[in-house]
Amino acid sequence: MTDTHTTSRIFKTAWFAKAAQKARIRDEELCAALRQVMQGQADDLGGGVFKKRLNDNRHRSIIIAKGGQYWIYTYLFAKKDRSNIDTNELAEFKKLAALYGRQTDETINTQIKNDDLVEICHAQKT
């Protein structure tokens with residue numbers, strides 16, 4: 001069992017995993033980027049939703065946070081394809097963040113077993 005007071009669990013959704021592989025973004029880069037997010041080096045979009053640049057600024061990721069305990073890479077897009085998400089998408093990501101906020105460890109573990117979530121690293125809280 002993880003001591004959630006000193007570490008955070010970092011995941012990617014199955015969809016994000018495929019998109020990151022296609023963009024050649026490795027888990028090590030995602031873990032390093034998440035450590036930066038924890039230090040405030042990301043765009044806080046409110047409601048537990050963050051936007052972080054990846055892949056030498058070629059891609060943007062949308063990350064859902066659950067009280068600093070779980071961080072979930074949810075969406076990825078190329079900067080060349082679009083500049084940002086729109087307000088409707090942001091509202092949906094905030095709803096998703098609220099949904100994840102209500103999930104229990106058991107539910108998260110079930111999602112891992114079902115390959116809906118992939119755990120990529122544990123990060124020390126700073």
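The values are calculated or read from the model by the stated rules, or taken from the named source; none is laboratory data. Here the structure is a predicted model, which is why all the values come from computation and not from measurement. Positions of Cβ are generated from backbone atoms using ideal geometry, with glycine treated the same way; all protein chains shown enter the neighbour counts. Keep in mind that these areas ignore ligands, DNA and RNA; they rest on the heavy atoms of the full protein, side chains included. Shrake-Rupley method; radii C 1.70, N 1.55, O 1.52, S 1.80 Å.
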Practice problem: Scan the stretch 72-87 for residues that are touching a strand residue (DSSP E or B) at 6+ places or on another chain (Cβ under 8 Å) and either without any contact (Cβ under 8 Å) to a residue 24 or more places away in the chain or assigned to a loop (DSSP other than H, G, I, E, B) (or both) and jot them down. | Solution: F77, K79, N84, I85
Practice problem: Might you let me know whether the stretch 87-94 holds any residue that is at pLDDT below 95 and either on the phi > 0 side of the Ramachandran plot or hydrophobic (A, V, I, L, M, F, W, C) (or both)? | Solution: no
Self-check item: The one condition in (1) of a type in the set (V, I, T); (2) assigned to a helix (DSSP H, G or I); (3) at pLDDT 95 or above that T107 fails to fulfil
Solution: (3)
Quiz item: Picking from R53, R60, which residue would you name as being out of contact with any Pro (no Cβ under 7 Å at 6 or more places or on another chain), under 23 Å from Q36 (Cα atoms) and open to solvent by 40 Å² or more (accessible area, probe 1.4 Å)?
Solution: R53
Quiz prompt | Residue list for the stretch 56-83, restricted to those being on the phi > 0 side of the Ramachandran plot and either over 15 Å from the mean Cα position of the chain (by Cα) or aliphatic (A, V, I, L, M) (or both) | solution = D56, N57
